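Only the coordinates and a few stated rules stand behind these numbers; no lab work does. Since the model is a prediction, treat every value here as computed from it, not as a measurement. Methodologically, a virtual Cβ is constructed for each residue, glycine included, from the backbone with ideal geometry; neighbour enumeration extends over all protein chains shown.
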Amino acid sequence: MARPRSFDEAAVLRTARDQFWETGYAGTKVDDLAAATGLGKGSLYGAFGDKHALYLRVFDHHCAEMAESTRRQLDGPDDTAYARLSGHVHAIAESVAADQARRGCLIAKSTAECAEHDEAVAARSRRLFEDIQDHLTTCIAGAQRAGDLAGDQDPARLAGLVLAVLRGLEALGKGGVAPAGIRAIAETALAVLPKPVKD
């Protein structure tokens, strides 16, 4: 009979995530993961498979958390939809502006490093971006129904624009754009969304 695991799997995944986040997939060795988690290589392999399998577990879990966090921030009634959208955009901008170490976004880093030659990472990234765009679309449609955004534009296209801005903010922050610049872009993105014409 197999012995029960004597470690906290969620804690190990968080530690492995932080290691991959810090040094990237290629730059992370199994020895690094063993040292960071305190587990021997045998325990790591036994619990999670090889480095790639562990990376995909970490990446998938992180994507799921991001999708759920986005849903929670954007979900709600129509009359507060624009406020939630604005709050979400500002929250991303503030997170980027506060990242003085330029750690960047794990999703962006993983996609840039691995998606070109790793279809599993590319597929999970696409699914995450589709999920986020769906949540943005629903929120924008709610703001249109409430009269806070013009109703004559395709909400999915507007959501795609907002998604592109948010992902771009993360790349700009990683490149060292000043916090004031990040905040200004976020404000401009909200300002250019089509507003209803006042009589």
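Some points to look at:
- Binning the alpha carbon pair distances of the range 21-134 at 10 angstrom intervals from zero yields the distribution 12, 36, 32, 16, 5, 0, expressed in whole percent.
- For a label point 7 Å along the Cα-to-beta-carbon line of Ala11, residues of the range 35-56 with backbone N under 11 Å: 38
- Percentage, to the nearest whole number, of Cα pairs in the range 60-192 over 23 Å apart: 34
- Computed label-point distance, nm, for sites Ala34 and Asp99 using a 7 Å Cα→Cβ extension: 3.1
- Rounded to whole numbers, the Karplus 3J(HN,Hα) couplings from phi for the range 89-96 are 4, 5, 5, 5, 4, 5, 4, 5 Hz, using 6.51 cos²θ - 1.76 cosθ + 1.60 with θ = phi - 60°, and x at Gly and Pro.
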